[in-house]
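My questions all concern the structure below.
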Amino acid sequence: MFPSTTRSLIGASKRLWAPIPIRSLSTSSQSSAPSSEKAATTPQAKPETTATPVAPPTAEQPSELPVKEWSDRLGAFGEHARLPRSVQALYLRPLRRKAEHGLPVCDLQLRSYSVQNLEFFADFAIRAAYYLNLPVSGPVPLPRITERWTVTRSNFVHKKSKENFERITLRRLIQIKDGNPQAVEAWLAFLRKHAFYGVGMKANVWENESLDAGKALDASLPEVQKTVGPHLARFGQRQDSSVKETIFDSLDSERFAEPKNL
Amino acid sequence: MSKVASMFHPKRLDLSGFVNTRLIRDHNKRNAFAQMEPERQALRYIIRNTSLPQRTRAQAQLQLSQMHCYTRPTQIKNRCVASGTARSVFRNFRLNRFQFRMQALAGELPGVKKASW
């Protein structure tokens, strides 16, 4: 019975993606409390095998073990050997903030050729948004972009034998609703810093102004003039320019007046 | 303006990867066009501007027609970067159809797979 439990544990570690804490747990169960482990698993496993008469009882036993929910499994670790909360959270669905007004602030589009990379990074982005206090909706799967090419197989003649190639771009849309613009910027910068290979990002950011935007512009005018001043000072005619006449003289001159007479 | 193509040749070969005489020539044409484009656009503007005197416009026409042929955008032709071929070059990959197939089968083009539907 004991090897069967270890095999099931190995299987669990494969599904977990984080084999190190699980391995330490299995070793501890071998050394300290193997009897309790057996007692816990056997009564669950036996009724299952008896209930399903199709499966052979001995060989198929480990695969017939009931698969528990993640919350149960994590709870079964006990208080002394539980994972850190942040690591536990990875096995659960990402947490989300609730949007108050539902005003869209940022649209992030992720693109990739592979589903795994895309799903992983979308999940990462949503988790990051939660910790930055940004309400998120998505990931919305947008229509795939399929490009196809038909190519002659040979480099010369044989026109009738062809080969098809395709490239499918997968897209996900993540929308941020009524978040602080600075937090949105920080979120985008964070995603850029931890950009995942093979995943492209494109963001549309909207900023909302109060209705007194014109007054605010007027108030900021003197500062803008100060910064623009040195650049504007460079414009104009040179003091020592040889041309004495103004622009109106040249406009009234014969050369410019000529086509008007036509 | 002297009509010698060598005036557009760089002192040193500024291409890497697959190199071909025709590929180099096309590259020189692209450089020449990029270099002379403002001048061409100015002349084209003068020619089309009806408010300018006829004489100026005729002079501009002459000047534009006397510019070197390498400065014309119509001289530029897309060529395969892996083989230098000028026919059936895909814009997306800048590759000839055969080079595209070889590289796609080798898995060198990200996302491109054999399709069947």
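Testing B:Asn92 on (1) within 14 Å of another protein chain (Cβ to nearest Cβ); (2) in contact with a Ser or Thr (Cβ under 9 Å, 6 or more places away or on another chain); (3) within 20 Å of A:Asn155 (Cα to Cα), one condition comes back false. Which one is that?
Here B:Asn92 clears every test but (2).
On the basis of being free of Cβ contacts under 8 Å to residues at least 60 places away in the same chain and not β-branched (Val, Ile, Thr), does A:Ala122 make the cut? Steps first, answer last, please.
Details: free of Cβ contacts under 8 Å to residues at least 60 places away in the same chain: yes; not β-branched (Val, Ile, Thr): yes.
Taking the combined requirement at face value, the residue satisfies it.
Could you say whether any residue in region A:142-151 is away from chain B (no Cβ under 14 Å) and over 22 Å from B:Leu105 (Cβ atoms)? Quick ask: steps written out before the conclusion?
Here is the first cut: in region A:142-151, the ones away from chain B (no Cβ under 14 Å) are A:142-143.
Then keep just the ones that are over 22 Å from B:Leu105 (Cβ atoms); that gives A:142-143.
Yes - at least one qualifying residue is present in region A:142-151.
Could you check region A:178-206 and list, in sequence order, the residues that are aliphatic (A, V, I, L, M) and away from chain B (no Cβ under 14 Å)? If you could, list the steps in order and put the result at the bottom.
Going residue by residue through region A:178-206, those that are aliphatic (A, V, I, L, M) are A:183-184, A:186, A:188-189, A:191, A:195, A:199, A:201, A:203, A:205.
Passing the criteria: A:Ala183, A:Val184, A:Ala186, A:Leu188, A:Ala189, A:Leu191, A:Ala195, A:Met201, A:Ala203, A:Val205.
Continuing with the same structure: I'm trying to understand the selection: among the residues of region A:152-177, which are in contact (Cβ under 8 Å) with a residue 12 or more places away in the chain and more than 14 Å from chain B (Cβ to nearest Cβ)?
First, the residues of region A:152-177 that are in contact (Cβ under 8 Å) with a residue 12 or more places away in the chain: A:162-177.
Across region A:152-177, the qualifying residues are A:Arg172, A:Leu173, A:Ile174, A:Gln175, A:Ile176, A:Lys177.
While we're here: Exactly one of these conditions fails for B:Arg12: (1) under 24 Å from A:Ser250 (Cβ atoms); (2) out of contact with any Ser or Thr (no Cβ under 9 Å at 6 or more places or on another chain). Give me its number.
(1)
Restricting attention to region B:1-47, which residues are aromatic (Phe, Trp, Tyr) and modelled with pLDDT under 90?
Initial filter on region B:1-47 (aromatic (Phe, Trp, Tyr)): B:8, B:18, B:33, B:45.
Hit for region B:1-47 is B:Phe8, nothing else.
Still on this structure: Of the residues B:Thr50, B:Thr56, B:Thr71, which single one is at pLDDT 90 or above, surrounded by 11 or more Cβ atoms within 10 Å (Cβ to Cβ) and within 14 Å of chain A (Cβ to nearest Cβ)?
Numbers: B:Thr50 fails: surrounded by 11 or more Cβ atoms within 10 Å (Cβ to Cβ); B:Thr71 fails: within 14 Å of chain A (Cβ to nearest Cβ).
Just a single option satisfies the conditions, and that option is B:Thr56.
So that you can scan it fast, the table gives a plain yes or no per residue for (1) over 16 Å from the mean Cα position of the chain (by Cα); (2) modelled with pLDDT of 85 or more; (3) more than 27 Å from A:Asn117 (Cβ to Cβ); (4) not in a strand (DSSP E or B):
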residue: A:Ile176; (1), (2), (3), (4): no, yes, no, no
residue: A:Leu188; (1), (2), (3), (4): no, yes, no, yes
residue: A:Leu191; (1), (2), (3), (4): no, yes, no, yes
residue: A:Met201; (1), (2), (3), (4): no, yes, no, no
residue: A:Asn204; (1), (2), (3), (4): no, yes, no, no
residue: A:Glu207; (1), (2), (3), (4): yes, yes, yes, yes
residue: A:Leu217; (1), (2), (3), (4): yes, yes, yes, yes
residue: A:Val224; (1), (2), (3), (4): yes, yes, yes, yes
residue: A:Gly229; (1), (2), (3), (4): yes, yes, yes, yes
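Check region B:19-37 and report whether any residue there is basic (Lys, Arg) and not in a helix (DSSP H, G or I).
Here is the first cut: in region B:19-37, the residues basic (Lys, Arg) are B:22, B:25, B:29-30.
Filter again for not in a helix (DSSP H, G or I), leaving none.
No, the conditions are met nowhere in region B:19-37.
Of the residues in region A:84-119, how many are in contact (Cβ under 8 Å) with a residue 40 or more places away in the chain, assigned to a loop (DSSP other than H, G, I, E, B) and not hydrophobic (A, V, I, L, M, F, W, C)?
Qualifying residue count for the region: 6.
The values are calculated or read from the model by the stated rules, or taken from the named source; none is laboratory data. Because the structure is a prediction, the values reported are computed rather than measured. For neighbour counting, all protein chains shown are included, and Cβ atoms are generated from backbone atoms with ideal geometry for every residue, glycine included.
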